[in-house]
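**Student:** If you scroll down you'll find the structure; I have some questions about it.
The values are calculated or read from the model by the stated rules, or taken from the named source; none is laboratory data. For clarity, every value in this text was computed on a predicted model and none was experimentally measured. Note that we place each Cβ from the backbone using ideal geometry, even for glycine, and neighbour counts take in every protein chain shown. The protein model used for the area step is the full one, side chains on, heavy atoms only, and it has no ligands, DNA or RNA in it. Shrake-Rupley method; radii C 1.70, N 1.55, O 1.52, S 1.80 Å.
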Amino acid sequence: MKKKVLIAAVLAATTLSASTAFAAEANPFTDVPKDHWSYDALAMLARDGVIEGYGDGTFQGDKTMNRYEMAAIVAKAAEKYGTAELQDKGVINKLEREYAQELKDMEVRLTAVESDVKDLKAKQSSFKMYGDARFRYFMNKNMAGHDKSEVGKVSHFEKRVRLGIYGEPAKNLTVDGRLKYEDKSDQYKGWGGEQNYNDWGKSWNNQDSFRLDKMSLNWHNAGTTTSIGRTQISLGQGLLYWENPVDGFYVEHQFGPKTSLMLGYGDISAEGWQNSNIWTTFGNLKVQPSKATQLTAAFLHTNTENTLSDGTKEDDYKFNQYAIGFNTQFLPRWNLIAEYVRNNAGCMRDKSGFWARVTYGSPTGYWVKGGTYQIYGEYFALGGGSVEGRAWPHRLNIAGSDAINGNGSRGFGLGMGRMLSDNVNLEATCYWLKPYDKNYAGFSNYDPTGYVALSYCF
């Protein structure tokens, strides 16, 4: 019997009036006489460290107790029977015989409490709400500004709200759904003025409504998870795809405590980035050689070309990506993430890329506990064809390139975040980047890109 649960049941029982009917013939709230042998027996167990007492945590040998209070201490002593000395075991056995009826009553009452709790849980809904909100100011988000462009400084504000519901309607079955709203405002496009994209006529830019971000049905059984619907996936360390939806399915199996493999198929246009279906095969392998280190290998292969609204084919939207990476906590406050990516699609130029992030900060509680913080530095060497630089399905804080199969990026950046209070985060980043091949690109530097974001989650 669990110690804390037993004590809680005893305390609940002791609040009852002495007139309550019990199975015992004698009233369990009757005081045990001061000269009763039980006091000496408990004092011996306290000296030997078998018990610590009751009530405020001390055994008060000079205090008169009733039979129920005495039985509560006997129950605690019985929990340590296996490690007690031989003479103490004899004392415990004698005390259990003396207070057998009271101990039995406590067991009956505890069983009733556990049954009531089980009934209450059965009647409660398993569905819970969760969500987050973010307000962000972004500079040169799509990397359109550079030292040779006619476009001036580019910036805008973003607002995003996500509201989700998660539940377990049956054993081994979960449902996860979420709605999302996001828009842009006060967008400065570098052509000499600010533009408001919040009116209905510009809804193509800011969506101006909620959309279904995810809605999946997930079956968990014998180490295997099968998810179907608009389900959220993450591949590798994040260069391919990270926490974004797919209309399709995946199956993931856990091979023991250290290895898992996931394979799936679906339409990655679920997020609304494209105007046609993009059917994709994907997979992810995770190996945990130690508690502090994770190794990953992932792939993503698009099976269709992107069809534009006028019916023409966009041949450059082809991805046949592979990535290998790792994530390691190499010191208590230091973490390193690194990943290499290769896009083997024939139409792509500058197919390889690499990203690394070193983080220093609070080892636990970030994004949850107030006062925690992180400071990180990042390095990028991303060929224009290595990552998706337009739709931003990856994990990076930068687009990675000024277009699909564009000029890519090389450079570094810094970021820092602090939890202002529980679940409230303030983050700021800035990146200084060059094109992957400046001779081909025809310019030397992108304008600085970065953001300041205030986020709240619940």
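**Student:** Be a star and scan region 226-261 for residues whose amide nitrogen sits under 18 Å from the point 7 Å along the Cα-to-Cβ vector of ALA381.
**Tutor:** 239
**Student:** Moving on to the next point. Using a 1.4 Å probe and counting only protein heavy atoms, arrange HIS146, HIS156 so the residue with the most accessible area comes first. Mind dumping the intermediate values first?
**Tutor:** Working: HIS146 35, HIS156 10 Å².
Most to least solvent-accessible, the answer reads HIS146, HIS156.
**Student:** Quick one: if you stick a label point 7 Å off each Cα along the C-beta vector at ARG333 and MET44, how many nm between them?
**Tutor:** Between ARG333 and MET44, the simple spin-label model gives 5.4 nm.
**Student:** Another question, then. Evaluate the distance, in nm, between pseudo-label points positioned 7 Å from the Cα of PHE458 and of ARG97 along their respective Cα→Cβ axes.
**Tutor:** Result: 6.1 nm between the two label points.
**Student:** Oh, and also: Keeping all protein chains in place, calculate the accessible area per residue for region 283-441 (probe 1.4 angstrom), answer in Å². Write down the numbers at each step before the final one.
**Tutor:** Working: 7230 Å² over 159 residues.
Ligands and nucleic acids excluded, the result is 45 Å² per residue.
**Student:** Each residue of region 42-49 in turn: what ³J(HN,Hα) in whole Hz from Karplus with 6.51, -1.76, 1.60 and θ = phi - 60°, glycine and Pro shown as x?
**Tutor:** 5, 4, 5, 5, 5, 5, 7, x
**Student:** I'd like the accessible area for VAL368, computed on protein heavy atoms only with a 1.4 Å probe and all protein chains in place. Round to 10 Å², please.
**Tutor:** The accessible area comes out at roughly 90 Å².
**Student:** Next up: What FRET efficiency do you get for TYR440 and PHE255 if R0 is 51 Å and r is their Cβ-Cβ distance, rounded to the nearest 0.05? Let's see the in-between values first.
**Tutor:** Values: r = 44 Å, r/R0 = 0.86.
That gives a FRET efficiency of 0.70.
**Student:** Also, quick follow-up: Alpha carbons only, please: Rg and Dmax for region 302-458, in angstrom.
**Tutor:** Answer for region 302-458, Rg first and Dmax second: 17.7, 55 Å.
**Student:** Let me ask something else about it. How high is the FRET efficiency from ASP147 to LYS118, r the C-beta distance, R0 56 Å, rounded to 0.05?
**Tutor:** Details: r = 68 Å, r/R0 = 1.21.
Taking R0 as 56 Å, the efficiency between ASP147 and LYS118 is 0.25.
**Student:** How big is the accessible area of LYS76 in square angstrom, nearest 10, if you roll a 1.4 angstrom probe over the protein chains?
**Tutor:** Estimated to the nearest 10 Å², LYS76 gives 40 Å².
**Student:** Which three numbers, in whole Å and largest first, are the semi-axes of the equivalent ellipsoid of region 232-305 derived from its Cα gyration tensor as √(5λ)?
**Tutor:** Values: eigenvalues 132, 27, 17 Å².
Result for region 232-305: semi-axes of 26, 12, 9 Å.
**Student:** Could you sort out which of LYS128/LYS180; LYS214/LYS318; LYS258/LYS351 sit more than 26 Å apart by Cα distance in this structure? Write down the numbers at each step before the final one.
**Tutor:** On the way: LYS128/LYS180 17 Å; LYS214/LYS318 24 Å; LYS258/LYS351 31 Å.
Among LYS128/LYS180; LYS214/LYS318; LYS258/LYS351, the Cα-Cα distance tops 26 Å for LYS258/LYS351.
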